[in-house]
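Quick notes on the structure that follows.
The values are calculated or read from the model by the stated rules, or taken from the named source; none is laboratory data. Owing to the predicted nature of the structure, the values given are computational and were not obtained by experimental measurement. Here the Cβ positions follow ideal geometry from the backbone for every residue, glycine too, while neighbour counts run over all protein chains shown. Only protein heavy atoms, including side chains, enter the accessible area calculation; ligands, DNA and RNA are left aside. Shrake-Rupley method; radii C 1.70, N 1.55, O 1.52, S 1.80 Å.
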Protein chains: 2
Amino acid sequence: MDTQHVFALRGGKAEIEEGADFSPKFDADGLIPAMAMDATTREPLMLAYMNEESLRRTLEIGEAVYWSRSRKEFWHKGATSGHIQKIVEIRTDCDQDALVLLVEQIGAGACHTGRNSCFYRTVKAGTDGGTAKLVMNGSGKSFEPAAVYGKP
Amino acid sequence: MDTQHVFALRGGKAEIEEGADFSPKFDADGLIPAMAMDATTREPLMLAYMNEESLRRTLEIGEAVYWSRSRKEFWHKGATSGHIQKIVEIRTDCDQDALVLLVEQIGAGACHTGRNSCFYRTVKAGTDGGTAKLVMNGSGKSFEPAAVYGKP
């Protein structure tokens with residue numbers, strides 16, 4: 001086993017909040033949420049999950065490696081599309097149960113729908129009893145998914 | 001029951017990804033992750049969770065209302081500290097199982113440790129078999145938690 005990135009055991013509250021040990025908390029499914037943002041524009045790109053090994057690989061290779069909950073496999077972002085996310089900085093929060101990835105998004109975008117960001121829609125609260133609706137907030141598709149992923 | 005924000009039932013993939021219906025997906029615990037960012041500076045502030053009712057309340061009052069997983073209760077952010085998060089915009093992602101809140105953070109900060117952001121530490125990968133470590137990335141505490149929350 002590669003022991004280059006074994007994470008520290010979780011200590012007490014003060015240690016977790018103020019200490020220098022990185023001891024990420026994985027949930028009951030062994031996952032931690034990771035929010036990827038463009039390091040330059042600060043656009044939110046996508047929210048995905050990592051398990052311990054994918055986080056270790058991410059630190060090792062300097063590119064985002066998630067755990068796909070639907071496919072139940074490691075997901076080296078960009079391995080299929082070429083749209084790799086180069087890690088500029090990883091941050092964790094006070095209780096170390098969430099990550100922010102500041103990344104350089106390579107290629108046309110982060111989203112499998114063909115857009116730069118997965119967060120391409122804004123929620124508009126309903127009025128007078130109406131339901132909330134979504135409106136597009138961006139500049140549309142930046143690539144054709146079929147051309148990149150090879151399927152419609 | 002207030003029916004002002006009843007969310008749409010989830011349709012097929014195309015509807016979820018390209019449609020105008022807001023049909024958020026809550027996980028097995030009834031929760032959806034919500035990443036709060038400063039609407040102006042784009043600083044990532046905190047990642048918390050909402051259930052259906054807290055999301056409904058958020059849309060209704062225009063301030064972030066989370067579900068506290070530890071306290072198992074609604075968490076109107078700022079109700080104790082005064083550090084309310086006014087909603088500027090809510091975005092959802094392609095499969096509608098994550099939210100980004102662009103907020104105006106009222107008061108000195110989002111984090112209970114006394115900092116503007118909960119993401120005040122950066123992960124540094126270990127070298128030569130060393131473990132990953134955390135380094136502070138910000139300007140330190142912006143308020144004294146004891147003075148705001150009334151306990152040390």
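Things to note:
- The mean number of Cβ atoms from other chains found within 10 Å of a Cβ in peptide A:95-101 is 5, as a whole number.
- Extending 7 Å from Cα along the Cβ direction at A:Glu53 and again at B:Asp29 yields two label points whose distance is 2.4 nm.
- Pairs exceeding a 23 Å alpha-carbon distance, out of A:Lys77/B:Lys77; A:Lys86/B:Lys124; A:Lys77/A:Lys133; A:Lys72/B:Lys124; A:Lys86/B:Lys141; A:Lys13/B:Lys141: A:Lys77/B:Lys77; A:Lys77/A:Lys133; A:Lys72/B:Lys124; A:Lys86/B:Lys141.
- In a simple Cβ point-charge model (Lys, Arg +1; Asp, Glu -1; nothing else charged), the protein assembly as shown has a dipole of about 120 debye relative to its Cα centre.
- Taken residue by residue and averaged, Cβ atoms of other chains lying within 10 Å of the Cβ of B:110-122 number 5.
- Based on alpha-carbon atoms, the Kirkwood radius and the radius of gyration of the protein assembly as shown give Rg/Rh equal to 0.96.
- Residue-span extension gain [B:Ile106 to B:Leu9] - 0.36 nm each, minus C-alpha spacing: 31.5 nm
- Here the sum of -39500 (n - 2.57) over DSSP H runs of 4 or more residues, divided by the residues of the protein assembly as shown, equals -3500 deg cm²/dmol at 222 nm, to the nearest 500.
- For the pair B:Glu18 and B:Lys72, a Förster radius of 41 Å applied to the C-beta separation gives a FRET efficiency near 0.70, rounded to the nearest 0.05.
- B from A by rotation - nearest chain A beta carbon to the axis, in Å: A:Arg42, 2
- Reduction of at least 40 Å² in accessible surface, 1.4 Å probe, comparing all protein chains with the chain by itself, residues of the range B:14-33: B:Glu17, B:Glu18, B:Ala20, B:Phe22
- Cα gyration tensor category, rounded, prolate or oblate, for chain A with a/c compared to 1.5: oblate
- Other copies of A:Arg42: label-to-label distances in nm, shortest first, labels 7 Å along the beta-carbon direction: 0.7
- A Förster radius of 25 Å combined with the Cβ-Cβ distance from A:Lys86 to B:Asp95 puts the calculated FRET efficiency at roughly 0.55.
- Each copy carries A:Ala146; placing its label point 7 Å along the C-beta direction from Cα gives inter-copy distances of 6.6 nm, listed from smallest up.
- As a fraction of the 1.4 Å probe accessible area of chain A, surface on carbon and sulfur atoms comes out at 51 percent.
- Sorted from closest to farthest, the other copies place their A:Gly30 label points 2.9 nm away, with each point set 7 Å from Cα along Cα→Cβ.
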